[in-house]
């Protein structure tokens, strides 16, 4: 599978939040757009597994933010009942859900909830400019 995206010259969200926290209204707008993208992914049985500010691209900056999810390199179709080498230990420290970081081969696999955990960590970073963990 090859995913092609438009060129987004404004770069990723991380570049826009390094020094100044965003107002709650902007964080809500960004979160709602990411949730819409995750809903589409999850309804098609895909888990992103590496959601973080540097994997959210900015099409239009605030106050009317427009963002898009990017970097699907770790995404996985959610159809296996058990983990494999392809489903364990993925994600980025500070944004990955605990169940991703602690899986052993043959253990029960994680759910779409891992992306929700990551989005929560992203929103925390948006409003504080600090990592949640």
The extension gain from residue 35 to residue 64, computed as 0.36 nm times the residue separation minus the Cα-Cα distance, is 8.8 nm
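Tell me what the chain gives for mean residue ellipticity at 222 nm when only DSSP H runs of n ≥ 4 count, each as -39,500 (n - 2.57), the sum divided by the residue total, rounded to 500 deg cm²/dmol.
Calculated at 222 nm, the ellipticity per residue is -10000 deg cm²/dmol.
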For the chain, longest principal axis from Cα atoms; helix 113-128 axis from its Cα atoms; angle between them, nearest 10 degrees, is 30
For the chain, the longest principal axis of the Cα atoms and the Cα long axis of helix 24-43 enclose an angle in degrees, to the nearest 10, of 30
Distance in nm between residue 43 and residue 10 label points, each 7 Å along Cα→Cβ, equals 2.5
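Expressed as a rounded percentage, what relative contact order does the chain have, with Cα pairs under 8 Å and six or more residues apart?
Numbers: 208 pairs, mean separation 38.4, N = 133.
After rounding, I find 29 percent.
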Residue span residue 101 to residue 2: 0.36 nm per residue of separation minus Cα-Cα distance leaves a gain in nm of 33.0 nm
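Just so you know, all these numbers are worked out from the coordinates, no wet-lab data involved. Since the model is a prediction, treat every value here as computed from it, not as a measurement. Here the Cβ is made from the backbone with ideal geometry for all residues, glycine too, and neighbour counts use every protein chain on show.
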